[in-house]
Every structure is written in C-alpha cells, then in structure tokens.
Amino acid sequence: MSDARRTRADGTAMIELRHVHKWFGEFHVLKDVSLSVGRGERVVICGHTHRPFDRMIRDVRVVNAGSVGMPFGDRGAHWLLLGETIEPRRTSYDLSEAARRVRETAYPRKDEFIQIAL
C-alpha cells in the first residue's frame, strides 16, 4: 500500500470508494474497485454514457468520445483522435454485417440488441 493511500485512510480523502462491485445483468462490470481522491487532486471519472461531449468543469476539461456500438445520433464508431488537439471522430461500419456477427454469438438477448442498436 502506498504512503498516499495510508494517509487517506486517516479520513483526509474527499472521495473514497471501497471494494465496489457493479453488475450489468450477469456481466460483472466493476470488480472490487477501490479509489481514494485526496484534497486538491483533479480526477475525472467518466462512465460510458453513449453520448459524446466535451465540456469544462471549472478548469478541468472532460471529454467523452461516446459509443462504438450504441450511439445516440449518427450510427458508427465514435472515438477521439488525441494529439495537439482532441478531435471527435466517427467511423461508419456495415450494420448488416455487425448484426450477422451478433446473431452468431451466444448472447441471450441478441435479437433485442440488434433491434435497439443496429
């Protein structure tokens, strides 16, 4: 355990998560996640929202690419090109082929997924 982690255990943490588990149906998304954020630290915790955004929260820029498989708005793989700037991008893909490949899986709700996402 790091010294910083031990220091935060004395109650100085502004945010502390201990042994977090999150399930999506039968899929274990977060497995025993622990996080401690001390006073003055800048941390962005951004979930997979499916909605792309780029915003400033005080003096911290928070950028979310969006989604590859279930985007709001235009279909396609939404992603970010990182370099001197941050450029949101979208790559089209063959939705019929994606649906065919999903049908070949053992995913129990594949027909529902195809209706909603593709």
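Shown in residue order for the stretch 103-114 are the 3J(HN,Hα) couplings computed by the Karplus curve 6.51 cos²θ - 1.76 cosθ + 1.60 at θ = phi - 60°: 4, 7, 8, 8, 4, x, 10, 4, 5, 5, 4, 4 Hz (x for Gly and Pro).
Converting phi to 3J(HN,Hα) with the Karplus coefficients 6.51, -1.76 and 1.60 and the offset θ = phi - 60°, the stretch 89-97 yields 10, 9, 10, 6, 9, 6, 5, 5, 5 Hz in sequence order, with x at every glycine or proline.
Net charge of the neighbourhood of VAL68, taken over other residues with C-beta under 12 Å away and scored Lys/Arg +1, Asp/Glu -1, is +3.
FRET efficiency for the pair GLU112 and GLU26, taken as 1/(1 + (r/R0)^6) with r the Cβ-Cβ distance and R0 = 22 Å, rounds to 0.90.
Values in this text are rule-based calculations from the coordinates and carry no lab data. This is a predicted model, so every value here is computed, not measured. Ideal geometry is used to build each Cβ from the backbone, glycine not excepted, and the neighbour counts take in all protein chains shown.
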